[in-house]
1. Return the only residue of Arg283, Arg294 being modelled with pLDDT under 95 and in a strand (DSSP E or B).
2. Determine whether region 179-200 contains at least one residue that is in a loop (DSSP other than H, G, I, E, B), over 24 Å from Arg313 (Cα atoms) and in contact (Cβ under 8 Å) with a residue 12 or more places away in the chain.
3. Consider region 201-216. How many of its residues are surrounded by 15 or more Cβ atoms within 10 Å (Cβ to Cβ) and either of a type in the set (Asp, Glu) or outside any strand (DSSP E or B) (or both)?
4. Identify the residue in region 170-194 that is small (Gly, Ala, Ser) and out of contact with any Gly (no Cβ under 9 Å at 6 or more places or on another chain) and, among all such residues, is farthest from Val125 (Cα to Cα).
5. Can you tell which of Leu119, Leu158, Leu134 is of a type outside the set (Gly, Ala, Ser) and either at pLDDT below 95 or in contact with a Phe, Trp or Tyr (Cβ under 8 Å, 6 or more places away or on another chain) (or both)?
6. Check region 2-25 and report whether any residue there is out of contact with any strand residue (DSSP E or B) (no Cβ under 8 Å at 6 or more places or on another chain), modelled with pLDDT of 60 or more and not β-branched (Val, Ile, Thr).
7. Would you mention how many residues in region 109-159 are part of a strand (DSSP E or B) and of a type in the set (D, E, K, R)?
Amino acid sequence: MPRVLLWLAAAAALCVLGFGVPSRAADDIATAYDQIERVLPPDAAVPGPEAFDADEQETRAAFAPPAANKRGVARFLPSGGRKGSVAQLAALSEELRQAGFPRLERHVFYRGWERIENLATGIVVLRKCDQNALITLDPGRKTYRVEEPLASDRAELLRRASQERPGGASLDVERHVERADARTVAGIEATAYRSAETLRVEAATGSCRTATIVAQTQTYYAPFSAPVATCPRRAPDFPATSLAVVARDGCRPSVAAHATGTTEPSAPLVLYRLMTLVEGRERLMLLTARGNIRSIVGPGALFEIPPGYTRAR
């Protein structure tokens, strides 16, 4: 479908949802949302799907330097029993901390481009693959850097591969999915799904770990598809599925899956996802939340290098 038709469809969907899109050429309208990805401490009060503002405040507070006795994995896990069969979740917690989570970002999609603003650091990345440009803006230094998207992505993949340790295992997954009660999330009437999974990892070698993990996931979907950029997407750092919890750090298990219940959608925008993982005595909660979903008219300036910026050497 031509891009104009895609944007006409998107604009019409936004109007139906009450986003108040003004009358203007459909290809001059962007879709934007704010996004939170974070690990919740085991004793934390879990923010509900409708509590994005409070969740954002808690996320911003988490950017403060941790206390001297609460560094690394200790911020996320209880003090007891982080050995043997519970190494999987402990390792995941540490990996996410080192990768820079929690993250609070603003995403804007426009004409196949994507703007990603880190709301903690202010750093902005403009992904404009049709122009072969990956632009990083540093507002603090008023500098910018331009790279080729494919070259940058290839370098990142090589960097990750150099840090991984090959591993194999036998992974058996039992999964059951059912519809849950719909509710309003971020001002949008969302459909809900609840899944329960048991993952058994056996015959582990290398970076794979023998483990039994029980996962419960609650997901709320918007009634429209997630915005799409022309730039290919790498696998996300933040796990969106329980399988991504196991298949990390070079671990590539052979998977046998047994599914019951209904089929969960894949195309709609995820408004809220809470994945709770239990391994032995340990419990880990991974939260993705999106809010402030809106349209922006005439957003072209957001995708340009601001005046007064100089190219970083």
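The values are calculated or read from the model by the stated rules, or taken from the named source; none is laboratory data. As the structure is a computational prediction, the values presented were derived from the model and not from experiment. Glycine gets a Cβ as well: all are built from the backbone with ideal geometry, and neighbour counts include every protein chain shown.
1. Numbers: Arg294 fails: modelled with pLDDT under 95.
It is Arg283.
2. First pass over region 179-200, keeping only residues in a loop (DSSP other than H, G, I, E, B): 186-187.
Still in the list and also over 24 Å from Arg313 (Cα atoms): 186-187.
Among the residues that remain, those that are also in contact (Cβ under 8 Å) with a residue 12 or more places away in the chain are: 186-187.
Yes, region 179-200 contains at least one residue that is in a loop (DSSP other than H, G, I, E, B), over 24 Å from Arg313 (Cα atoms) and in contact (Cβ under 8 Å) with a residue 12 or more places away in the chain.
3. Number of matching residues: 4.
4. Applying the first criterion (small (Gly, Ala, Ser)) to region 170-194 yields 170, 180, 182, 186-187, 190, 192.
Right, trim to out of contact with any Gly (no Cβ under 9 Å at 6 or more places or on another chain) and you get 170, 180, 182, 190, 192.
On the way: Ser170: 39, Ala180: 36, Ala182: 34, Ala190: 29, Ala192: 32 Å.
For region 170-194, the residue satisfying everything is Ser170.
5. On the way: Leu119 fails: either at pLDDT below 95 or in contact with a Phe, Trp or Tyr (Cβ under 8 Å, 6 or more places away or on another chain) (or both); Leu134 fails: either at pLDDT below 95 or in contact with a Phe, Trp or Tyr (Cβ under 8 Å, 6 or more places away or on another chain) (or both).
When all the criteria are applied, what remains is Leu158.
6. Pass one, region 2-25, residues out of contact with any strand residue (DSSP E or B) (no Cβ under 8 Å at 6 or more places or on another chain): 2-6, 8-9, 12, 15-16, 18, 23, 25.
Within this subset, residues satisfying the condition of being modelled with pLDDT of 60 or more are 25.
Still in the running and not β-branched (Val, Ile, Thr): 25.
For region 2-25, residues out of contact with any strand residue (DSSP E or B) (no Cβ under 8 Å at 6 or more places or on another chain), modelled with pLDDT of 60 or more and not β-branched (Val, Ile, Thr): present.
7. First, pick out the residues of region 109-159 that are part of a strand (DSSP E or B): 109-110, 113-118, 124-128, 133-138, 143-147.
Narrowing further to those that are of a type in the set (D, E, K, R): 114-115, 117, 127-128, 138, 145, 147.
So the answer is 8.
The rows are residues; the columns are (1) crowded, with 16+ Cβ neighbours inside 10 Å; (2) in contact with a helix residue (DSSP H, G or I) (Cβ under 9 Å, 6 or more places away or on another chain).
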{"site": "Arg248", "(1), (2)": "yes, yes"}
{"site": "Cys251", "(1), (2)": "yes, no"}
{"site": "Val255", "(1), (2)": "no, yes"}
{"site": "Thr263", "(1), (2)": "no, no"}
{"site": "Ala267", "(1), (2)": "no, no"}
{"site": "Thr276", "(1), (2)": "yes, no"}
{"site": "Arg283", "(1), (2)": "yes, yes"}
{"site": "Val297", "(1), (2)": "no, yes"}
{"site": "Ala301", "(1), (2)": "no, no"}
